[in-house]
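The structure appears below as structure tokens.
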Amino acid sequence: RKEVEQDPGPFNVPEGATVAFNCTYSNSASQSFFWYRQDCRKEPKLLMSVYSSGNEDGRFTAQLNRASQYISLLIRDSKLSDSATYLCVVVGAPANDYKLSFGAGTTVTVRA
Amino acid sequence: ETGVTQTPRHLVMGMTNKKSLKCEQHLGHNAMYWYKQSAKKPLELMFVYSLEERVENNSVPSRFSPECPNSSHLFLHLHTLQPEDSALYLCASSQQRRYLTDTQYFGPGTRLTVL
């Protein structure tokens, strides 16, 4: 089983729609979680951290479900500029020296 | 943005060539990283340097040789590469090697093609 798995998509949504997708992780002792965004032919950039209680940043909401071992990202009122690949990042347990694992990414395409 | 720069941006090399990738960070960070990103695959962490000391080497073939002369510069020396090494090589830096909290800042990458 892969350490971090994401649905590659693409998720094709119209402007203004809501889109959500998950990322599952295999190590139940994982410590920290992040979403990074990578535009086409650009470098990844931090979008947001994912906290146990869930967190919101404008139109973006991230949730953590430790029992089912997944994190989610929800984008409301999608904009054309939201088109990108969203990378899930999981930081492992102390026993693994906090290994950093990336998912392969979920591609979102917002159309006019 | 010029926080983390990489040169060259594109590189085509033969299997017998020797080349080097360069990364420079202007953020005052203490940790630097090399990643490999292949199409449709997760980023693979290759090397980690913290305060110029290599602290992680994730079973990377010896044809990849990193060098960190100071906390602002990181090199990846390449020799006798294979076609399967063709990928986007990303450099990143962070304040410390604190994965739990520190944001990783990535450079624009070097797109490498091995013929």
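The values are calculated or read from the model by the stated rules, or taken from the named source; none is laboratory data. Since the structure is predicted, the reported quantities are computational estimates derived from the model, not experimental observations. All Cβ positions, even for glycine, are placed from backbone atoms using ideal geometry, and neighbour counts span all protein chains on display. To get the accessible areas, we keep the full protein, side chains included, count just its heavy atoms, and leave off ligands, DNA and RNA. Shrake-Rupley method; radii C 1.70, N 1.55, O 1.52, S 1.80 Å.
Set Lys and Arg Cβ to +1 and Asp and Glu Cβ to -1, take the dipole of the stretch B:1-57 about its Cα centre, and tell me which of B:Met13, B:Tyr33, B:Leu43 lies farthest positive.
Farthest towards the positive end: B:Met13.
Ranking request for peptides B:74-81, B:88-95: highest mean number of other beta-carbon atoms within 10 Å first, then the rest in descending order.
B:88-95, B:74-81
If you line up the Cα atoms of the protein assembly as shown on their principal axes, what length do they span on each, largest first, in Å?
50, 41, 35
Provide the packing ranking of B:19-29, A:98-108, i.e. peptides ordered by the mean count of other C-beta atoms within 10 Å per residue, highest first.
Most protected by this proxy first, the peptides run A:98-108, B:19-29.
Could you compute the net charge surrounding B:Ser71? Neighbours are other residues with a C-beta less than 11 Å from the C-beta of B:Ser71; K and R count +1, D and E count -1.
Neighbour charge sum, excluding B:Ser71 itself: -3.
Given +1 on the Cβ of Lys and Arg, -1 on the Cβ of Asp and Glu, and no further charges, what dipole in debye does the stretch A:2-111 carry about its Cα centre, rounded to the nearest 20?
Here the stretch A:2-111 has a charge dipole of around 120 debye.
Could you sort A:19-27, A:82-90 so that the peptide with the highest average Cβ count within 10 Å comes first and the rest follow in order?
Ranked by mean Cβ neighbours within 10 Å, highest first: A:82-90, A:19-27.
Just to check, using Stokes-Einstein with a Kirkwood Rh over alpha carbon pairs, what's the diffusion coefficient of the stretch B:1-54 at 37 °C and 0.692 mPa s in µm²/s?
248 µm²/s
Over the whole of B:63-73, what's the average partner chain Cβ count within 10 Å per residue? Rounded to a whole number, please.
0
Which of A:Lys79/B:Lys41; A:Lys45/A:Lys79; A:Lys79/A:Lys99; A:Lys99/B:Lys18; A:Lys2/A:Lys45 have a Cα-Cα distance over 29 Å?
Result: A:Lys79/A:Lys99; A:Lys99/B:Lys18 exceed 29 Å.
Could you provide, to the nearest whole Å², the per residue accessible area of chain B with probe 1.4 Å?
Averaged over the residues of chain B, the accessible area is 48 Å².
When the dipole is taken about the Cα centre of the protein assembly as shown, and only Lys, Arg (+1) and Asp, Glu (-1) are charged at their Cβ, what size is it in debye, to the nearest 20?
The dipole magnitude comes to about 420 debye.
Would you list which aspartates and glutamates come within 19 Å of B:Lys19, measuring only between C-alpha atoms, while excluding same-chain residues fewer than 8 positions from it?
The qualifying aspartates and glutamates are B:Glu67, B:Glu84, B:Asp85.
Other chains near B:29-39: what is the mean number of their Cβ atoms within 10 Å of each residue's Cβ?
1
How large are Rg and Dmax for chain A when calculated on the C-alpha trace, in angstrom?
When restricted to the Cα atoms of chain A, Rg and Dmax are 13.7, 47 Å.
What's the long-distance tail for chain B, i.e. % of Cα pairs beyond 19 Å?
Of the Cα pairs, 40 percent sit more than 19 Å apart.
Quick one: what are the phi-derived ³J(HN,Hα) couplings along the stretch B:37-51, Karplus 6.51/-1.76/1.60 with θ = phi - 60°, whole Hz, x for glycine and proline?
Along the stretch B:37-51, the couplings run 10, 9, 4, 6, 10, x, 4, 10, 6, 9, 9, 10, 10, 10, 6 Hz.
Across peptide A:30-41, what mean number of C-beta atoms from other chains lies inside 10 Å of a residue's C-beta?
2
Evaluate the relative contact order of chain B (contact order divided by residue number), counting alpha-carbon pairs under 8 angstrom at least 6 apart; express in whole percent.
Taking the mean separation of contacting Cα pairs over the length of chain B, I get 37 percent.
Over chain A, calculate the relative contact order: mean separation of alpha carbon pairs under 8 Å at least 6 apart, over the residue count, as a percent.
Reported as a whole number, the value is 37 percent.
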